[in-house]
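Input: a single structure, listed below in structure tokens.
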Amino acid sequence: MEVVKITPRGYCYGVVDAMKLVRQVAENPAAKKPIFVLGLIVHNHHAVEELDRYGVISLDGENRLELIEQVKDGTVVFTAHGVSQEVRRRAEEIGLDVVDATCPDVTKTHDLIRRLADDGYTILYIGRRGHPEPEGAMGEAPDHVHLIETAKDAEGLDLDGRKLAVVTQTTLSRWDTEETISHLRERFPQIEVFNEICLATQLRQEAAVREASRCDVVIVVGDTRSNNSNRLVQVVREQAGRPAYLVDTVADIDPAWLEGKQTVGVTAGSSTPSPITREVVQFLEAYKAPETATARG
Ligand code: SF4
């Protein structure tokens, strides 16, 4: 098949740095053991398994405040998604060594939320409920921030006449958030908008939509728990109007998706290790798609 390798794809700099940091700590004989990662370093089990091999314990769960209570001593790593101030306080109280792998783009959003809260703003944070990033971001000013997934979630809130700001999670789809923000603007004309979708997410989504237009189908390599991988599937389907499927590995590819197709696009979420994507590309390059019943006539 003809394979369009969509670029950029795969690990973003925030994930590369986080993985590097954990490996460095694991290899440092002076680091206090055991070494825990608070949550999954990224939402990809291949990346987590790589850290297992370094003897690092990944605590699986999205709620960082609950997870920190499981750590009694040693070193704790905060993931690229960031943590709330309360988690930082608890780590200090327990007496843990802290390694902070929070992505600089997430830290920028935390700083913004603190600044807005100090200036008396009420903040609507558009994010995914249950994802660790909103937990950390909202934890910067819990009394000032409301988590919403859609504009509908803001309907019950008494916000008229308030200084109001909307801030987004870094890994959302820009098309989704634009729609939500335009609804919010209609209802709250005073609202100030801070689009915090990171450049890595934006570039991957824009490339996927652009390149999908010359593909019959697009395969997104990523873990089902990865928000940014799921968003890539969504934007290809909704913005480019092409079929798109999420696969964890080459074994998940269903030949029915490729039937009668000539060109397949491949992209990967920013938490997907390159070797996994490479295997998918190699498989597809060597693959000869069966013709459809119609094509066979
Ligand atoms: Fe940072 Fe964006 Fe990567 Fe998240 S997806 S780690 S915010 S660069």
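The values are calculated or read from the model by the stated rules, or taken from the named source; none is laboratory data. Because the structure is predicted, anything quoted here is derived from the model rather than measured. Every residue, glycine as well, gets a Cβ built from its backbone with ideal geometry; the counts of neighbours run over all protein chains shown. These accessible areas exclude ligands, DNA and RNA; they are computed on the full protein's heavy atoms, side chains included. Shrake-Rupley method; radii C 1.70, N 1.55, O 1.52, S 1.80 Å.
Couple of notes before you dig in:
- In region 22-41, the qualifying residues are those that are in contact (Cβ under 8 Å) with a residue 24 or more places away in the chain and surrounded by fewer than 17 Cβ atoms within 10 Å (Cβ to Cβ), and the one that is nearest to Thr277 (Cα to Cα) is Arg23.
- Counted residues, region 244-276 - those being β-branched (Val, Ile, Thr) and either open to solvent by 50 Å² or more (accessible area, probe 1.4 Å) or within 16 Å of the ligand (Cβ to nearest atom) (or both): 2
- Residue in region 155-171 that is buried (at least 20 other Cβ atoms within 10 Å of the Cβ), part of a helix (DSSP H, G or I) and more than 16 Å from the ligand (Cβ to nearest atom) present: no
- Condition check for Glu62: of a type in the set (D, E, K, R) and not in a loop (DSSP other than H, G, I, E, B): no
- Extreme residue, nearest to Val106 (Cα to Cα), among residues of region 199-224 that are within 15 Å of the ligand (Cβ to nearest atom) and polar (S, T, N, Q): Thr201
- Subset of region 262-290 (residues that are over 15 Å from Leu232 (Cβ atoms) and in a helix (DSSP H, G or I)): Ser274, Pro275, Arg278, Glu279, Val281, Gln282, Phe283, Leu284, Glu285, Ala286
- Considering the conditions (1) of a type in the set (S, T, N, Q); (2) surrounded by fewer than 23 Cβ atoms within 10 Å (Cβ to Cβ); (3) at pLDDT below 95, Asn44 is excluded by exactly one of them, (2).
- Here Thr109 passes the criteria (1) among the polar types (S, T, N, Q); (2) open to solvent by 60 Å² or more (accessible area, probe 1.4 Å); (3) within 20 Å of Pro142 (Cα to Cα) except the one numbered (2).
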